[in-house]
Amino acid sequence: MIDGSWTSTSQFSGCGWAWMDNLGKVQLMGTRNYIRRESPLHSELEALRWAMESMLQYSTCQSFGTDCKDLIAMIKEPRAWPCFAT
């Protein structure tokens, strides 16, 4: 599970992730803050990126969960989100 935090008046954003086993028990977690990103979606994306980077040291087969509908939509249809194109 991943999550990002963002407010327009704060200098910093935050993100966190939790790695759970098949029974839903938390095995490992991480939290951190960073200079505020451009939008709430950017913060959610940063949380996903960091969780993926962190989990690669444990396994290459992972699934990730989020409560951010826009992030899910962006992953399903990246062409619909041209401002996030690399």
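The values are calculated or read from the model by the stated rules, or taken from the named source; none is laboratory data. As the structure is a computational prediction, the values presented were derived from the model and not from experiment. Quick reminder, even Gly has a Cβ in these numbers, built from the backbone with ideal geometry, and neighbours come from all protein chains shown.
Any residue that is at pLDDT below 90, surrounded by 13 or more Cβ atoms within 10 Å (Cβ to Cβ) and of a type in the set (Lys, Arg) - is there at least one of those in region 29-47? Looking for residues that are at pLDDT below 90, surrounded by 13 or more Cβ atoms within 10 Å (Cβ to Cβ) and of a type in the set (Lys, Arg), one finds at least one in region 29-47, hence yes. Restricting region 67-78 to residues that are touching a residue at least 24 places away in the same chain (Cβ under 8 Å) and among the aliphatic types (A, V, I, L, M), which is surrounded by the most Cβ atoms within 10 Å (Cβ to Cβ)? Taking the candidates together, the pick is LEU71. Pairing each residue of region 45-66 that is over 17 Å from THR31 (Cβ atoms) with any residue that is at pLDDT 85 or above, provided the two are 6+ apart or on different chains, yields C-beta distances under 7 Å for GLN62/MET55.
Scanning region 52-59 turns up no residue that is more than 17 Å from PHE84 (Cβ to Cβ) and in a strand (DSSP E or B). Scanning region 21-51 for residues that are assigned to a strand (DSSP E or B) and under 15 Å from the mean Cα position of the chain (by Cα) yields MET29, GLY30, THR31, ARG32, ASN33, TYR34. Candidates in region 4-16 are the residues that are out of contact with any Phe, Trp or Tyr (no Cβ under 7 Å at 6 or more places or on another chain) and closer than 14 Å to TYR34 by Cβ; of these, the one that is surrounded by the fewest Cβ atoms within 10 Å (Cβ to Cβ) is GLN11.
Scoring PHE64 on the criteria (1) under 14 Å from the mean Cα position of the chain (by Cα); (2) in a helix (DSSP H, G or I) leaves a single failure, condition (2).
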